[in-house]
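The values are calculated or read from the model by the stated rules, or taken from the named source; none is laboratory data. Since we're looking at a predicted model, the values are computed, not measured. Note that each Cβ is placed from the backbone with ideal geometry, even for glycine, and that neighbours are counted across all protein chains shown.
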Amino acid sequence: MTSKSTLFFIFLVFCIGVMNAQKEVECNTKLSFFHEDVKAKKYNEAYEPWLYVKNNCPDLNIAIYIDGEKILNHKIDTSEGKEKQRFIEDLIVLWQERQHYFTSRTPKGEYEAKACQLKYDYKDELGKTQDDLYNCFNAAFKTDSKTFTHPKSLYSYFSVMVNLFDEGKKTDAELFNTYDNINEKIESEIQNYSEKLNGLIEKLESGQSLTNKEDNLKTVCESYLENYALIQQNINAKLDIRAVCENLIPLYTKDFETYKNDAVWLKRSVSRMYHKECTEDPLYEKLVKQYDEISPSADTKIFVATLLIKNGKTAEANQYLEEAYQLETDAFKKSNLAIRIGVILKNQKQYSKARNYFNKALNLNPSNGKPHLSIGEMYNDSAKDCGNDNFYKRAVYWLAAKEVKKASRLDPTLQKKVNEYVANYEAKAPTKQEVFLRDMAGKTIEIGCWINSSIVVPKF
């Protein structure tokens, strides 16, 4: 290389370095500008400097993508037609670029689900079909189900599957498998947020105050639990009108030989037939026995117990229920199992034993108020049998109301149902006039039979 060439090369490298340094300064300056505008919610002013930084220094700072999402969402909300479509597409590309430049801070399942949800929300603007949307959600879920957690996206995923099923494009088996995958994911997230909430509730019940951070976490947990409960209720409603015994029995009969050694398939089949009350068909017993043989667990013992109850073998069934409870070691799952056992015993009118299991469930998972509702229902059902006279018998309804009120204190998502229960029970309790005539205001009434508790008569 000649001396002139060497000098030219050095000069060129120097110029490139200067240009890069100038661009970096420009990017940092504009980054500061758009970030301040976003904090002030001046999204239109933030757009141009943000776009410059994104195009010229895409790996400079993750704020490009965090703030960019807010900017583009504002643009989507305030634009129409082709311009709106362009901003929607820009946001999808932005998430893809975030994945490329900040991989470790961009969970794949979460952001692919967000992109699918955006396509779902604006399917008309983007011209997306139900097949397009299903393929998007399904690919995201299969790629990274661990971080595919948002309640709305899980619901949209199942809704698209239902639409395709109704159009005859998906089979019963595909519908049920998708439901099971999504429902198991919801259960997993409910466990996750319940366990976080339990620690906070225990701290409050011990008389301690929550820090601001803990109080915010409590609000987040309660919000997510409410949303998961809502979408679980809604996807169950969608499935219930399609998963009827007339569909389930021939499907599981046809598939039995193929999947009889598949514990997951057996669990799902038995569970669905049980919850859809298809238990009178001989196939149910066949599935239960096979499930217990292939993969004995707390779950299988519950289903065996239901068979024994159906055959009038109550004592033996109770042994299986207790064995099931002892087999489960995970505290959250053990709590749900205790509720299942409690409900079975409640339906058999074994109220005292049922209450024991409901109380075990409360001890294991304090943030779940549903056991209080079940205990209140049993008090309500027993009112006519517990008390020396009509007044004392109807006083049981006060106890029932008191019990269900505990549910909403633990789980605010149950407030509406609690209000309905309380109104029902208090309407059946003694009236203000009856309390006055009996001179019972403020006195304690002892309630016998299996309830074995007491209630203070209200002072109206």
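Condition check ((1) more than 27 Å from Tyr357 (Cβ to Cβ); (2) within 24 Å of the chain's Cα centre (by Cα); (3) polar (S, T, N, Q)) across all residues:
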| site | (1), (2), (3) |
| --- | --- |
| Glu202 | no, yes, no |
| Thr211 | yes, no, yes |
| Tyr224 | no, yes, no |
| Thr253 | yes, no, yes |
| Thr258 | yes, no, yes |
| Lys267 | no, yes, no |
| Glu280 | no, no, no |
| Lys286 | yes, no, no |
| Asp292 | no, no, no |
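Would you check if Ala315 is surrounded by fewer than 16 Cβ atoms within 10 Å (Cβ to Cβ), among the hydrophobic types (A, V, I, L, M, F, W, C) and in a helix (DSSP H, G or I)?
yes
If you check Lys416 against the conditions, is it free of Cβ contacts under 8 Å to residues at least 40 places away in the same chain and part of a loop (DSSP other than H, G, I, E, B)?
The answer is no for Lys416.
Part of a helix (DSSP H, G or I) and under 22 Å from the mean Cα position of the chain (by Cα): is that true of Lys238 in this structure?
yes
Here are the criteria: (1) hydrophobic (A, V, I, L, M, F, W, C); (2) touching a residue at least 24 places away in the same chain (Cβ under 8 Å); (3) touching a strand residue (DSSP E or B) at 6+ places or on another chain (Cβ under 6 Å). Tell me which single one Ala401 does not satisfy.
(3)
Can you say whether Ser335 is in contact with a helix residue (DSSP H, G or I) (Cβ under 6 Å, 6 or more places away or on another chain) and not assigned by TED's automatic domain parsing to the domain that holds Lys417, as far as the supplied structure shows?
Spelling it out, Ser335 is indeed in contact with a helix residue (DSSP H, G or I) (Cβ under 6 Å, 6 or more places away or on another chain) and not assigned by TED's automatic domain parsing to the domain that holds Lys417.
What pairs come out if I take residues in the range 77-90 that are closer than 21 Å to Glu112 by Cβ and pair them with residues that are among the β-branched types (Val, Ile, Thr) and surrounded by fewer than 16 Cβ atoms within 10 Å (Cβ to Cβ) whose C-beta lies under 6 Å away, six or more apart or interchain?
none
Could you tell me whether the range 343-354 includes any residue that is touching a helix residue (DSSP H, G or I) at 6+ places or on another chain (Cβ under 9 Å), buried (at least 19 other Cβ atoms within 10 Å of the Cβ), over 27 Å from Ser454 (Cβ atoms) and not basic (Lys, Arg)?
Checking the range 343-354: at least one residue is touching a helix residue (DSSP H, G or I) at 6+ places or on another chain (Cβ under 9 Å), buried (at least 19 other Cβ atoms within 10 Å of the Cβ), over 27 Å from Ser454 (Cβ atoms) and not basic (Lys, Arg).
What number of residues within the range 201-217 are at pLDDT 95 or above and either crowded, with 17+ Cβ neighbours inside 10 Å or part of a helix (DSSP H, G or I) (or both)?
Going through the range 201-217 one residue at a time, the tally reaches 6.
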